[in-house]
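Report on one structure; see the data block that follows.
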Amino acid sequence: MTLSIGHFIAGQAEPGTGERSGPVFNPSTGEEIARCPYASRATLDRAVAAAGEAARQWGRASHATRQAVIFKLRELVIANTDLLAETIGREHGKTLADAKGEIGRAVEGIEFAVNAPQVTKGEFAANVGGDIDVFSLRVPIGVVGAITPFNFPIMVPAVMMTMAVSVGNAIVWKPSEKVPSTALIFARLWQQAGLPDGVFNVVQGDKDMVDAMLEHPGIAGVSFVGSTAVGEYVYQKGTSHNKRVAAFTGGKNHMLVMPDADLESAASAFVSAGFGSASQRCMAVSLLLPVGEETADRLRELVLQKTRALHIGAYNDPRADFGAVVSLQSKQAVERAIGTCIEQGGELLLDGRGLRVPGHENGYYIGPTLFDRVTTGMELYQQEIFGPVRGIMRPASFDEALAITNAHEYGNGAVIFTRDGKSAHRFMHEIESGMIGVNVPVPLPAGFFNFGGLRRSKFGEGHLYGPDAARFYTKIKTVSQRWPEPDQQAAPVSLAFNP
Ligand code: NAD
């Protein structure tokens with residue numbers, strides 16, 4: 001399946017009107033490989049109109065009808081794994097193995113979405129008084145606007161939107177303009193799975209399209225994943241236009257290692273969870289916090305040894321552990337952050353700047369970069385650096401490590417490595433993070449649990465996937481119902497209270 005980049009509206013691929021467009025790069029080579037047309041407001045109007053029309057029918061479709069489409073979608077995503085992985089790798093830069101891992105997680109989210117009726121079936125109380133039964137109905141909200149980041153071109157969209165479709169909504173999706181092609185494949189797979197035209201639409205674009213979606217009266221709710229600054233803006237603007245908004249944003253995920261931990265596995269976990277996908281993951285471990293100097297010294301050696309063994313290469317290099325970062329701007333920002341950390345007194349153990357990958361000299365590569373003696377006053381602690389720069393901090397105690405973690409503005413994920421149940425127990429109760437790992441490097445919840453951070457890693461209620469996502473994409477109606485016999489008196493209408 002080859003598609004030129006464009007929009008997908010009411011079941012038809014559209015090339016775009018060519019008003020505005022932006023370049024799409026292959027980060028592994030630095031080549032511009034395509035231009036992505038950006039939709040105009042008029043194009044968005046057509047997409048929302050198509051979605052609104054389709055949502056009325058789809059919202060009334062039986063659960064069995066919707067589930068049959070989603071089961072089929074699951075098969076099609078699996079059957080198209082190679083095509084999806086190649087498309088993701090070419091535009092994102094992540095390795096094919098990593099892209100396939102992402103597809104596996106997307107499939108998990110799709111699988112859980114068929115369970116939506118378990119969450120949306122509502123409540124019932126018989127005879128609350130006067131033969132009146134009361135029950136609740138969860139109904140679709142209508143048209144959902146989806147805005148997604150570059151770093152998971154299929155996983156984030158799949159987990160987000162399959163649930164929204166499963167409970168009866170229609171979609172208008174604006175993918176990241178850096179990775180626009182996967183969206184068109186996904187739209188075609190929905191169509192092949194039997195989804196009626198108009199339920200799933202794609203409009204390409206940048207900030208302007210996000211603004212147009214947030215202002216559009218035909219969009220009832222917005223699901224956003226991306227950086228914190230943009231997510232906060234989307235949340236505030238969307239809610240000011242009376243939409244429900246859930247925004248899942250940046251992370252700075254700390255890994256505490258107690259002196260009693262298995263240091264060998266803690267080091268492996270830090271290196272894989274820290275540098276995988278060139279650290280461009282919201283759940284990447286950013287900072288290592290070994291408790292006590294002795295633990296820090298031992299762990300530092302193990303981490304250095306394992307990090308030095310990492311191989312960096314093009315997305316289709318089977319030996320590569322990770323690939324290029326997504327753009328030249330991103331490479332420059334990460335290299336600037338390395339310079340700042342040196343100026344601020346971080347101890348540079350490994351410097352990934354200036355890495356050259358033979359045959360791909362213009363690719364956006366940065367080697368794994370590691371600092372020791374990072375402190376809370378440094379940018380490397382304060383900011384989410386979306387590239388392969390990781391740091392070691394040196395808390396003297398468990399309490400200090402906990403305080404450092406909880407003082408951060410983000411609360412996406414946090415993990416502890418220990419053999420002591422008491423430390424783990426305190427950690428899970430006292431840490432202010434939405435997703436917590438105990439001897440688990442990336443605590444990405446299974447598809448049937450809720451995914452979402454705390455603090456400034458999430459704006460609004462709702463979760464990206466899991467049971468709460470089914471709730472976010474539905475609204476509640478509560479029905480009080482009485483069926484009197486023809487000769488029975490009408491129910492009293494007054495609010496009289498006679499204690
Ligand atoms: P981004 O915020 O730059 O872009 C996200 C989306 O917003 C894109 O579709 C983009 O076109 C749009 N956008 C960009 N700038 C905008 C602006 N000024 N106004 C309105 N819309 C704008 O994020 P990104 O660089 O694509 O993705 C990386 C970020 O996403 C990281 O911060 C990462 O932690 C976060 N992320 C979070 C999660 C999570 O679940 N919490 C998951 C994946 C990624």
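We did not get these values from a lab; they are worked out from the coordinates using the rules stated. Since this is a predicted model, take the numbers as computed values, not measurements. Positions of Cβ are generated from backbone atoms using ideal geometry, with glycine treated the same way; all protein chains shown enter the neighbour counts.
Points to keep in mind about this one:
- Bridge type composition, the range 253-438 - antiparallel percent by DSSP, nearest 5: 15
- Gap separating the Cα centres of the range 160-208 and the range 398-420, nearest whole Å: 37
- Residue-wise HN-Hα couplings along the range 116-121, as the Karplus relation 6.51 cos²θ - 1.76 cosθ + 1.60 with θ = phi - 60° gives them from phi, are 3, x, 4, 8, 8, 5 Hz; Gly and Pro carry x.
- Computed E for His311/Thr340 - FRET, C-beta separation, R0 35 angstrom, nearest 0.05: 0.80
- Nearest 10 degrees, 0 to 90: helix 293-308 Cα axis against the chain principal axis: 90
- Cα gyration tensor category, rounded, prolate or oblate, for the chain with a/c compared to 1.5: oblate
- Pairs from the list Lys237/Lys458; Lys94/Lys331; Lys252/Lys475 with a Cα-Cα gap above 21 Å: Lys252/Lys475.
- Helix 155-166 axis, angle to the chain major axis (alpha carbon atoms, nearest 10°): 10
- Charge dipole magnitude, Cβ of K and R +1, D and E -1 - the chain, Cα centre, debye nearest 20: 740
- Between 0 and 90°, nearest 10: helix 41-58 axis offset from the chain longest Cα axis: 60
- Applied to the range 81-97, the Karplus parametrisation 6.51 cos²θ - 1.76 cosθ + 1.60 on θ = phi - 60° returns per-residue 3J(HN,Hα) values of 4, 5, 5, 5, 5, 4, 5, 5, x, 5, 8, 9, x, 6, 5, 4, 5 Hz, with x for Gly and Pro.
- Here the residues Phe112, Phe71, ranked from fewest to most Cβ neighbours within 10 Å of their Cβ, fall in the order Phe71, Phe112.
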